[in-house]
1. So, by mean Cβ neighbours within 10 angstrom, what's the order for 37-50, 80-93 with the highest one leading?
2. Stretched out fully, how many nm does the piece from residue 34 to residue 47 gain, at 0.36 nm a residue minus the Cα gap?
3. Please list 3J(HN,Hα) in residue order for segment 37-46, calculated via the Karplus relation 6.51 cos²θ - 1.76 cosθ + 1.60 where θ = phi - 60°; whole Hz, with x for glycine and proline.
4. Once the other residues with Cβ under 13 Å from the Cβ of residue 67 are scored (Lys, Arg +1; Asp, Glu -1), what is the net sum?
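Bear in mind these aren't lab numbers, they're just calculated from the coordinates by the rules spelled out. The shown structure was predicted, so the numbers you read here are calculated from the model rather than taken from an experiment. Glycine also receives a Cβ, built like all others from the backbone with ideal geometry; neighbour counts cover every protein chain displayed.
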Amino acid sequence: MIGPVLGAATPTTLTTPAPVYTSDTPPLHRPPKLEPHQLLRIRAAAHHAKKIYPGPVGELIAHELLAWAEFGYLLDRAGLTNRLADHVLAQPLSDAR
């Protein structure tokens, strides 16, 4: 004889209905959007990156900073992008490579 399937509902098993989510349900664990001054800082760093790192490197850094500002801040738990923006903004234009 084959035994019962594990996890299968039986007449004696109580099941809990799934929660209902509506548009009024607050998102769970979602960080708040960036403040306007934070967005301006990231955009300034992206613009500055193109000036101090001409060519593909500067374009890549600028692209990553702008993409992070739009939605990537939700994923960056280590603060790497903020450190990159700090580094870029600390570079003087006279050090253009």
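1. Working: 37-50: 17.2, 80-93: 14.2.
Highest to lowest by the protection proxy: 37-50, 80-93.
2. Working: separation 13, 0.36 × 13 = 4.68 nm, distance 1.83 nm.
Between residue 34 and residue 47, full extension yields an extra 2.9 nm.
3. 5, 5, 5, 4, 5, 5, 5, 5, 5, 5
4. Working: positive: 43; negative: 59, 64, 70, 76.
Taking every other residue near residue 67 into account, the sum is -3.
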